[in-house]
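**Q** Supplied in structure tokens, the structure appears directly below.
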2 protein chains.
Amino acid sequence: MTSQAAQVKELTAPVADGLARMKETIAHELREQSPAVREMVEHVGRFQGKQLRAALVLLSGEATGNTTDEHASIAAVVEMIHLATLVHDDVLDGAKVRRRVACVNHRWDNQTAVLLGDFLYARAFAVSTDLSSRLCSRVLSEATRRICVGEIEQAAGRYDFEATQERYEWVAGAKTATLYAAACELGARYPGGRDELGAKMRQFGWDLGLAFQIIDDCLDLTSSEAEAGKSVGTDVEDGKVTLPVLWAYRHASEAERAAIRDLYTTPGLSERVARLRRACRLDAGVEFARQRADSLIAAALASVRELPSSPARRSLENIASFVLARSF
Amino acid sequence: MTSQAAQVKELTAPVADGLARMKETIAHELREQSPAVREMVEHVGRFQGKQLRAALVLLSGEATGNTTDEHASIAAVVEMIHLATLVHDDVLDGAKVRRRVACVNHRWDNQTAVLLGDFLYARAFAVSTDLSSRLCSRVLSEATRRICVGEIEQAAGRYDFEATQERYEWVAGAKTATLYAAACELGARYPGGRDELGAKMRQFGWDLGLAFQIIDDCLDLTSSEAEAGKSVGTDVEDGKVTLPVLWAYRHASEAERAAIRDLYTTPGLSERVARLRRACRLDAGVEFARQRADSLIAAALASVRELPSSPARRSLENIASFVLARSF
């Protein structure tokens, strides 16, 4: 186990049992006769993510004194939806490596990745439909809609160097924070009727998720592929103008702006990112973005401050700090 | 209106009101703030298909004396799932034209088509979740799973000229008949508890859908793009060995087999299909496949024979004949 994996395991220790049941549920629900599907499901199983979203369902339940027998299944649904978005994201990004494993679109092809993602969505909704309350289906179908709209708006806004921070946060929030928010809300509120606590935990998840995305956008510019375990510099390649770049662009001279635009449109990825950082005050943009992530994490911590002290609450707080500190 | 559209309208006349409500529901449920999403939804709205699957929900309800206020919403969900599969299919096939309208992947790009399909799935499941019985969500999430598995198995079996007819029908059934079967079952059975009638109508839909796919596979070889209103010859281009080709291959000489394999792998689409038909007994294969579709339609008609006589039952019978006779 890498030291990072060990760190995540420690962070989620209070819900280790629930996470184990979550994994069993996923393995059971994705079992298929079709040899082709079986091979692919095994393959994506190796992505073995941080499973933070699943852990957030369980931890939000524990921390708010709201645990049911169905929380592990909700965590499984959230994780399957996340996996589906990853598989489809990789088609979108043309990525080749995720968590040191070849992406489905790269190992097979785009059409297979699209179908596997659809399969994962279908299984997620089937499991959700069989839960006793339909709150899970409601929250997660709405979350899925919002993720798609965020991604579509992101694609529509490529190479827009003059977008506002508000617009960036709307898109980054929609595509990433949505599922964090849904996970935390469901953990605290499922099967329903705990609206105020649900709203508070939803806000915790949103702030956490938005900070996560901002840090991700910083890492895409600053880390090496070996550190990240996935392709880096893809945002520049795809024309995604993230918060660090927006900030740098806004504070740049005309010559620097031309250089930034040039870097986004000239082939030769890795050199480009290095040049971008040197020539265009990018490190200052990264610094600004990290400060914004800082204040989002402070807000997230404030949201859980009034919960009774417990190992689960401490885990939520530690996850918030971890999101800020991670370098992968 | 084309004569074909007029024909379909006449076929579905007994449920014209329900279809109008279905369309309103879809328009309402796909309304979005996002300008990018709005533009795309408008675009795919122009695909304006035959809406046979939606009509089957309503007609199966009427014909079995099982109509509820929610049937129009179920029809909308079925149609949205169908639309999602079309948008994703077009990514898979690299198609350029559907119903004389540019495909989403061609008008925008693959990533946009993937996201729009996901958006449509998400909205479909959200509408389904809000229905009074969860039967619709159960049947349709299972149908979606099966469609994906069928498509994945189809991709895994490309260029397999020695596949059995059974294997072909399993794949064609999974990817196409599944949604017809689900539509008819839900129409007859929703909100639940009419299991025998549901099973009978499910079988009707399955036979109808499989016949539809077989005819589609024949038309992909025999019709012109102008007639079909969509790209033709794509099965050959994609390495999909359909029933007419399987039959031709099985009955071909070694030299003819080599010619068929060659035609599947040599560039130059339209000439290839013409050559394929001349050189490789393809017309005989098409004839065999049409006979198989014939007997499926006979079985479908037998499934509804015992229903009380009604305009809806007559429509179901006419749709079955229409599927066999269509040339587009």
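So that you can scan it fast, the table gives a plain yes or no per residue for (1) in contact with a Phe, Trp or Tyr (Cβ under 6 Å, 6 or more places away or on another chain); (2) in contact (Cβ under 8 Å) with a residue 12 or more places away in the chain; (3) surrounded by fewer than 22 Cβ atoms within 10 Å (Cβ to Cβ):
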site: B:Ile147; (1), (2), (3): no, yes, no
site: B:Ala156; (1), (2), (3): no, no, yes
site: B:Asp160; (1), (2), (3): no, yes, yes
site: B:Thr178; (1), (2), (3): no, yes, no
site: B:Cys184; (1), (2), (3): yes, yes, no
site: B:Leu208; (1), (2), (3): yes, yes, no
site: B:Ala211; (1), (2), (3): no, yes, no
site: B:Ser223; (1), (2), (3): no, yes, yes
site: B:Glu254; (1), (2), (3): no, no, yes
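**Q** Run down A:Gln33, A:Gln51 and say which single residue is free of Cβ contacts under 8 Å to residues at least 60 places away in the same chain and on the phi > 0 side of the Ramachandran plot. Even if it seems obvious, please write down each step before you answer.
**A** On the way: A:Gln33 fails: on the phi > 0 side of the Ramachandran plot.
None of the other options fit; the residue is A:Gln51.
**Q** So which of A:Ser303, A:Ser315, A:Ser309 ends up being over 17 Å from the mean Cα position of the chain (by Cα) and surrounded by fewer than 16 Cβ atoms within 10 Å (Cβ to Cβ)?
**A** Numbers: A:Ser303 fails: surrounded by fewer than 16 Cβ atoms within 10 Å (Cβ to Cβ); A:Ser315 fails: surrounded by fewer than 16 Cβ atoms within 10 Å (Cβ to Cβ).
It is A:Ser309.
**Q** Go through B:Ala95, B:Ala124, B:Ala102, B:Ala143 for me and flag whichever is closer than 24 Å to B:Asp220 by Cβ, modelled with pLDDT of 95 or more and not charged (D, E, K, R). Spell out how you get there, then give the answer.
**A** Details: B:Ala95 fails: modelled with pLDDT of 95 or more; B:Ala124 fails: closer than 24 Å to B:Asp220 by Cβ; B:Ala102 fails: modelled with pLDDT of 95 or more.
Result of the check over B:Ala95, B:Ala124, B:Ala102, B:Ala143: B:Ala143.
**Q** Here is a follow-up. Could you name every one of the helices (runs of 4 or more DSSP H) located completely within the stretch B:115-215 that has at least 2 residues being facing another protein chain (nearest Cβ under 8 Å)? Steps first, please.
**A** Details: elements: B:135-156, B:165-172, B:178-189.
Here the list reads B:135-156.
**Q** Still on this structure: Which number in (1) touching a residue at least 60 places away in the same chain (Cβ under 8 Å); (2) away from chain A (no Cβ under 14 Å) marks the one condition that B:Asp69 misses?
**A** Checking B:Asp69 against (1) touching a residue at least 60 places away in the same chain (Cβ under 8 Å); (2) away from chain A (no Cβ under 14 Å), the one that fails is (1).
**Q** Just to check your reading of the model, which residue among B:Ser303, B:Ser270 is in a helix (DSSP H, G or I), polar (S, T, N, Q) and modelled with pLDDT of 95 or more? Show your work before the answer.
**A** On the way: B:Ser270 fails: modelled with pLDDT of 95 or more.
Of the residues listed, the single one that is in a helix (DSSP H, G or I), polar (S, T, N, Q) and modelled with pLDDT of 95 or more is B:Ser303.
**Q** Restricting to the stretch A:106-140, what's the tally of residues that are among the acidic types (Asp, Glu) and surrounded by fewer than 24 Cβ atoms within 10 Å (Cβ to Cβ)?
**A** From the stretch A:106-140, those among the acidic types (Asp, Glu) are A:109, A:118, A:130; that's our starting set.
Narrowing the set further to residues that are surrounded by fewer than 24 Cβ atoms within 10 Å (Cβ to Cβ) leaves A:109, A:130.
The total comes to 2.
**Q** Okay, moving on. For the stretch A:34-51, enumerate the residues that are under 25 Å from A:Asn110 (Cβ atoms), among the polar types (S, T, N, Q) and at pLDDT 90 or above. Quick ask: steps written out before the conclusion?
**A** The first filter runs over the stretch A:34-51 and keeps only residues under 25 Å from A:Asn110 (Cβ atoms), leaving A:34-49.
The next check asks that each one be among the polar types (S, T, N, Q); those that pass are A:34, A:48.
Within the stretch A:34-51, A:Ser34 is the sole residue that qualifies.
**Q** Something else about it: Read through the list (1) more than 14 Å from every other protein chain (Cβ to nearest Cβ); (2) closer than 17 Å to A:Val114 by Cβ, then give the number of the only condition that A:Ala84 fails.
**A** The one condition A:Ala84 does not meet is (1).
**Q** Let me ask you something else. Can you find even one residue in the stretch B:63-70 that is over 19 Å from B:Arg21 (Cβ atoms), among the aliphatic types (A, V, I, L, M), crowded, with 24+ Cβ neighbours inside 10 Å and modelled with pLDDT of 95 or more?
**A** no
The values are calculated or read from the model by the stated rules, or taken from the named source; none is laboratory data. As the structure is a prediction and not an experimental result, all values here were calculated from the model. Neighbour counts are summed over all protein chains in view; Cβ atoms, including those assigned to glycine, are modelled from backbone coordinates with ideal geometry.
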